[in-house]
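A quick write-up on the structure given underneath.
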Amino acid sequence: MADKLTLFGFNNLTKTLSFNIYDVCYAKSEREQKDYIAYINEQYNSERLTNILCKVTEIIGAKILNISKQDYEPQGASVNILITEDDLSPQFIDESCNRGIIPSLAISQDVHAHLDKSHVTVHTFPESHPDNLVSTFRVDIDVSTCGTISPLNALDFLISSFDSDIMTIDYRVRGFTRDVDGVKLFIDHYIRSIQDYIADKTLTKYDAIDVNVYQSNIFHTKMLIKDIELQNYLFNKDVYELPPKQRLEITDALRREMIEIFSGMNIY
């Protein structure tokens with residue numbers, strides 16, 4: 001559907017992108033595990049996540065109505081942004097909606113914002129276990145839009161914003177709209193695969209599989225990093241401090257963890 005559709009009334013289609021990533025790290029000692037969690041909390045706090053989501057909103061061509069953000073103890077953060085496809089006149093905006101522009105909110109612990117048609121949210125989940133040498137950091141991002149704007153346009157930016165070893169991406173178009181002749185339309189754009197919205201340079205780094213249900217406009221893609229450069233997975237340690245045998249053991253432990261997360265089951 002390359003040509004712009006002529007619709008009767010509002011475009012009632014809802015397009016939802018769910019983006020789930022995992023970052024894996026080798027942290028052997030309890031101190032290393034705590035330091036890794038502290039590092040994640042510093043790097044992916046609510047302020048940085050808000051900046052990422054604001055950029056997503058800009059990329060998909062939406063306007064921010066309201067932002068809510070919160071850091072949690074002992075770990076994790078959440079951000080929710082409500083968006084609109086077009087600018088809204090001030091009389092149509094609830095006075096409690098700050099639209100992210102009230103200066104006094106810059107120093108507030110909590111900030112809230114609203115959109116009239118859709119939302120963008122992110123939640124983080126740092127994780128470690130004393131019996132496991134591998135710690136993980138999970139990020140869940142949901143971009144839901146109504147109307148003509150599509151969250152897929154921001155997918156490659158989201159991937160590049162995080163160090164992703166495993167990704168699970170879902171895209172679904174729900175509802176229907178009608179053209180001027182009253183004919184129902186259950187999707188307003190052509191899509192073959194989520195991978196078509198990811199840069200080739202990015203795709204070369206991952207093994208990717210699709211599980212799509214075209215009849216229901218449901219698209220699912222899973223991606224697993226191909227190469228493990230061990231230095232990138234060590235926390236506060238140089239790879240050359242480790243003997244070759246230990247390097248292999250750590251690489252094997254990392255790969256096993258990634259394969260199980262990618263597969264969604266305990267294999268080893």
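With a cut-off of 12 Å between beta carbons, the residues surrounding ARG178 carry a summed charge of -2, where Lys and Arg count +1 and Asp and Glu -1. Partner lysines whose Cα lies under 21 Å from the Cα of LYS205, excluding those fewer than 8 positions away in the same chain, are identified as LYS222, LYS226. Give me the accessible area per residue for segment 203-244, probe 1.4 Å, as a whole number in Å². So segment 203-244 comes to 63 Å² accessible per residue, rounded to a whole number. Restricting segment 159-268 to GluC sites (Glu not before Pro) that sit in a DSSP loop and have at most 10 other Cβ atoms within 10 Å of their own Cβ leaves GLU229.
Peptide packing for 139-152, 31-44 was compared via the average number of neighbouring C-beta atoms within 10 Å per residue; ordered from the highest value, the list is 139-152, 31-44.
The values are calculated or read from the model by the stated rules, or taken from the named source; none is laboratory data. None of the values given here were measured: they were computed from a predicted structure. Using ideal geometry, Cβ is built from the backbone for each residue, glycine included, and neighbour counts are taken over all protein chains shown. Accessible surface areas use protein heavy atoms only, side chains included; no ligands, DNA or RNA. Shrake-Rupley method; radii C 1.70, N 1.55, O 1.52, S 1.80 Å.
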